[in-house]
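Okay, so here's the structure we're looking at.
Coordinate-derived values only; no laboratory data. All figures in this text were calculated on a predicted structure; none of them were measured in a lab. Cβ coordinates were reconstructed from backbone atoms using ideal geometry, including for glycine residues, and neighbour counts include every protein chain displayed.
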Amino acid sequence: MTANRLAESLLALSQQEELADLPKDYLLSESEDEGDNDGERKHQKLLEAISSLDGKNRRKLAERSEASLKVSEFNVSSEGSGEKLVLADLLEPVKTSSSLATVKKQLSRVKSKKTVELPLNKEEIERIHREVAFNKTAQVLSKWDPVVLKNRQAEQLVFPLEKEEPAIAPIEHVLSGWKARTPLEQEIFNLLHKNKQPVADPLLTPVEKASLRAMSLEEAKMRRGELQRARALQSYYEAKARREKKIKSKKYHKVVKKGKAKKALKEFEQLRKVNPAAALEELEKIEKARMMERMSLKHQNSGKWAKSKAIMAKYDLEARQAMQEQLSKNKELTQKLQVASESEEEEGGTEDVEELLVPDVVNEVQMNADGPNPWMLRSCTSDTKEAATQEDPEQLPELEAHGVSESEGEERPVAEEEILLREFEERRSLRKISELSQDAEPAGSQETKDSGSQEVLSELRVLSQKLKENHQSRKQKASSEGTIPQVQREEPAPEEEEPLLLQRPERVQTLEELEELGKEECFQNKELPRPVLEGQQSERTPNNRPDAPKEKKKKEQMIDLQNLLTTQSPSVKSLAVPTVEELEDEEERNHRQMIKEAFAGDDVIRDFLKEKREAVEASKPKDVDLTLPGWGEWGGVGLKPSAKKRRRFLIKAPEGPPRKDKNLPNVIINEKRNIHAAAHQVRVLPYPFTHHWQFERTIQTPIGSTWNTQRAFQKLTTPKVVTKPGHIINPIKAEDVGYRSSSRSDLSVIQRNPKRITTRHKKQLKKCSVD
Amino acid sequence: METAPKPGKDVPPKKDKLQTKRKKPRRYWEEETVPTTAGASPGPPRNKKNRELRPQRPKNAHILKKSRISKKPQVPKKPREWKNPESQRGLSGAQDPFPGPAPVPVEVVQKFCRIDKSRKLPHSKAKTRSRLEVAEAEEEETSIKAARSELLLAEEPGFLEGEDGEDTAKICQADIVEAVDIASAAKHFDLNLRQFGPYRLNYSRTGRHLAFGGRRGHVAALDWVTKKLMCEINVMEVVRDIRFLHSEALLAVAQNRWLHIYDNQGIELHCIRRCDRVTRLEFLPFHFLLATASETGFLTYLDVSVGKIVAALNARAGRLDVMSQNPYNAVIHLGHSNGTVSLWSPAMKEPLAKILCHRGGVRAVAVDSTGTYMATSGLDHQLKIFDLRGTYQPLSTRTLPHGAGHLAFSQRGLLVAGMGDIVNIWAGQGKASPPSLEQPYLTHRLSGPVHGLQFCPFEDVLGVGHTGGITSMLVPGAGEPNFDGLESNPYRSRKQRQEWEVKALLEKVPAELICLDPRALAEVDVISLEQGKKEQIERLGYDPQAKAPFQPKPKQKGRSSTASLVKRKRKVMDEEHRDKVRQSLQQQHHKEAKAKPTGARPSALDRFVR
């Protein structure tokens, strides 16, 4: 919108300018074209046409398409010329004259003056007004949002809102009114008053306050003097530092730095003698600085300055020197600090030996730690080669000894040996793995040490034998029981026998391994009877495994009704047995009962099962058969639609949820819905809930007084709004909720919830303020 | 229906041998005294602690209860820490050594919690979550309050304990009567009424009044504690059953032809001819329903507050003469001659459930007060206890020498069986445990065969109707020691009774709400809900609650190209599709796994089989 208006204003401005220019224009053109003739003009036109063919600055030829009142060849038409005449061009005199300055000034004044904007439509203005007004009111009203939210969430609202503060008299007032009456009280009061114990403010007694206040004059003076001196010293120091900082001489700074370094070194030396621990720390600091340097690209001749210098370096000696200086500095900073100066020469001497020596040692260590891992080994060797220069000085003597004893100066044989050794190691580890897998032992036994490997192996053999025995015994058990699955097969060895085995759980990773394992076992236990083996095999295949327990489960679920009712229950040995002699009619009844008993229980179970079956059938959803006999085929008596057709047009009813009495053989539970009770149930979820479980949770606690204590009942049934009878309920005011009613409060509200105001609103706000 | 929050304490009976009688409650005006070890006196070797001579509670017991809970309840685990102990200190400067409210044992609080937290809720929005939190906080607060008020249930159940090795069943009534105080001893009595045949009897809900009817027409009602006779008439007709209605002022008698209703003066108020040849009566107190089982095989529900027959259900099982009610959910249990027990509600024409219990016919059924266990006895001489919590399986079974003809549960879960002229009582551990049928707790021989049995509410008394009249036995630990003064007050006056009657009528539960799970009312009717949803979708043409299709959010500049938007959209869609496929595959697997084991391998020749 703004852009639109801007364009409009510009247009208006240009129109005005044109209007102002027109008369002058006319005059000028007249004077210019005085001495021209036709031929010249034609020539000119031709030239122009030719030049426009060039394409680069092709001009649109002037073409008159509209009728104008005055068609004069003297009139200048700006159309089609492409270039617009600028006012200044016309005004520019051939010679600069001062007389035109006033005109220029006037013109500039006209230009600088803002033109009056065209007034907007009435509707637009109104719309803007409305929008601004809406935003303002929305802002003002937004301060109520938290209040509204709070009131909505409140458990109870009490109207009228303003409450009289319950008058709680402060304790001092109560105390002041109170008088000691009994002798004991008086005594206590006297004691308190004697010490001037404060009653109201218990912080300090007057004595304490006085003692705090007291300080001698001399002391105060001394203290002041000290303070003054300190201040003066500080100001001197600051002034000096400032001055030194301003010095631009590089030489001076260099000298200062060197001096500082020397001093630091000296101090360090001293520190090393006096306090080695502190020195070590210092050393660490230096080390850290070195690390930082190594990390950073400073002094690496890679900066902007260095690059520029590198170009110059060919010709400029100084530049070369500067670069070299930087590099040397880098070297200096990154150089490792050698504390033990004695070991330096030795290191240099034994470097090559070390290179060959170290890897082997490291490899050994690695073997111990992580088992044979060729990848690790390789990386280690390469690493150690690099790290050889940085070996700790403490390790050196030891290493040297090794080197001297084992291999002196010979490079190739050592390397060959190394390779051989490694191969051997690998082979050994492989063999071990295979052995372990054969013995059904952990394949990844990691802690096997080179030295004790033999022992471990023998141990393993013993253990595996034990394990086999266990398996055998278990299998025998299984054969006797038949159905119990041997789930433990995959699991670690039995818990009760060997704690050792427990520590190293046997793990069979793949199915093949598992099968192999089983085969081996089969081989080993040939003497076992056949059915057991079969059982094993069936167990081994994972598909068959769950079958046996499933069947058993099913059996468990479907308790036989016959069993249920005919189980022999223990009879009660009552102390008192009912008397046999009874009244006559009782006898008669008993007789009847006897007959009943004799005939009882014949078909009870069968009848019940039949009834249940019928009930189940009745509750099942029915399939819908849509076949039309005789449709598309022959129909008539004795002809049935084909099975295919019947199958095609049979709409199978969806299987309903399982019956509640599915697994209860002796029960028929009615699945019909109690519609009378359902009429009292909630059938529409109230607002914030999305699932009926959520809502059910909120209505599970009863609120009636039957189930709750009186207090709880009152609390649960408090009305949402309470009004005091006989009170006027005034509308809520800003002061009631802690807002001031001034305009500033609006601002504060805006600050409090800036989210409410969108960016668009903000823009408009700005606009309003500008207007 | 759930009972008021006053479940009795499930504390096992104290093994304190010295304690013979209940300690007298100390009053605030009394001096504090060291509890005297009075039990050390050389009394009878057995130890009986009976809950007798209950002190008369003030009528406004509940008000007293409320006024005591003044402080805000706190979770027992974290006692409130006061911000500044100074404020707690009074003028004297003494500090409360136990600041804050007293802790409440967690198990007790748990007993009153009703929200089932085991079910995991689907993800809920913030607003919903806040509502749920509020509900949970309310539940916790109310349950804590209820747990606190349990302190007021001062009475403890009585018990009978033999010396080591001694069988409590050997203790006879005479011994018990000898051991207890006079007031309790007076509760044991025999009414010798040999003239009018075997008696049925019924106690009123408060346990104060007793009505009995002899086969040969003798009907009487009396305040059995004071032995004051209210009325005594002879209806000159066979009386099959007798029952108090909601209060002791009304009495229903099942006579030879019809059902008659008398008031407490013995004046006949109604003769209900629609209930004919009634054999058994049951009254559902919260629904004001009188259920009658008739010889013609009909179960009729009569609303006594309006005098209308709510439902007349044909059980289709011949003569009905075994009936009992489940006090927990007001379902009527009928025993049939084909060994089944059927469960009925007036809202359904068919039985809610049918349980095959015995090989022979069912002779007696009883359901305990928590609605958890049902005892049945049949013609096969067996006594079984069934679990009613969904499984309906027998928990324990016992064969009795002659079979039990009558069964009854006490408020605290004692089971009594009448076999000929013997009554056996079995007890379990505590209230909510089934009675163990191993060893009888008590036995008693009567002067004639048993015809009616009922435990007196709030008393350790068992009433037995037999051919020789009525016997009131002492059974320690049978009744609930604490009563709710507003609900069923044994000591209420006439005025209070009238007041209660009005309130009870106002709180009458509609008959159609009777169902197996009384908490179903606190659930949403899912079927109607879904139906409504479906209808709404049809009406609107779209699902307003459907998940909106995924719309990728615009990202930072440069990353929000159309291609990337499409890619993101595709990614989400693919993920959803994959989930769907995975689920369907799983379902297929399930089906296959189910189908496989049942059928044998199909053979190629199957196609020729017709």
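Tabulated data
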read-out: FRET efficiency for residue A:195 and residue A:168, using Cβ-Cβ distance with R0 set to 22 Å, rounded to 0.05; value: 0.15
read-out: Neighbourhood net charge (11 Å Cβ-Cβ; Lys/Arg +1, Asp/Glu -1) for residue B:321; value: +3
read-out: For residue A:721, net neighbour charge (Lys/Arg +1, Asp/Glu -1) across residues whose Cβ lies under 13 Å away; value: +2
read-out: Estimated FRET transfer efficiency (residue A:320, residue A:257; beta-carbon r; R0 25 Å; 0.05); value: 0.65
read-out: Fewest-first ranking of A:141, B:343, B:521, A:184, using other Cβ atoms within 10 Å as the exposure measure; value: A:184, A:141, B:521, B:343
read-out: Global geometry of region B:168-500, whether rounded, prolate or oblate, following the gyration tensor of its Cα atoms and the 1.5 cut on a/c; value: rounded
read-out: Neighbour net charge for residue B:532 - beta-carbon separation under 15 angstrom, K R +1, D E -1; value: -1
read-out: Ranked B:212, A:159, B:288, B:244, criterion: other C-beta atoms within 10 Å, fewest first; value: A:159, B:288, B:244, B:212
read-out: Peptide A:662-668 - average C-beta neighbours from other chains (10 Å radius); value: 6
read-out: Prolate/oblate/rounded label for region B:106-152 (Cα gyration tensor, a/c 1.5); value: oblate
read-out: Calculated FRET value between residue B:553 and residue B:269, using beta carbons and R₀ = 60 Å, to 0.05; value: 0.20
read-out: Highest to lowest packing among B:128-139, B:392-403, scored as the average C-beta count within 10 Å; value: B:392-403, B:128-139
read-out: Residues with amide H under 5 Å from that of residue B:463, placed H, sequence gap 5 or more; value: B:454, B:455, B:456, B:473
read-out: Too-long pairs where the Cα-Cα distance tops 25 Å, listed order kept, from A:612/A:652; A:260/A:331; A:246/A:307; A:136/A:720; A:622/A:672; value: A:246/A:307; A:136/A:720
read-out: Fewest-first sequence of B:374, B:236 by Cβ atoms within 10 Å of each Cβ; value: B:236, B:374
read-out: Table column - 3J(HN,Hα) (Hz), region B:367-381, Karplus curve with 6.51, -1.76, 1.60, x for Gly and Pro; value: 10, 7, 5, 8, x, 9, 10, 10, 9, 10, 9, x, 6, 7, 6
read-out: Distant-in-sequence amide H partners of residue B:291 (H built 1.01 Å from N, under 5 Å); value: B:282, B:283, B:284, B:302
read-out: Extension reserve of the residue B:166-residue B:257 stretch, reckoned as 0.36 nm per residue once the Cα distance is removed; value: 27.7 nm
read-out: Packing-based order for B:151-159, A:678-686, A:127-135, A:111-119, using average beta carbon neighbours within 10 Å, highest first; value: B:151-159, A:678-686, A:127-135, A:111-119
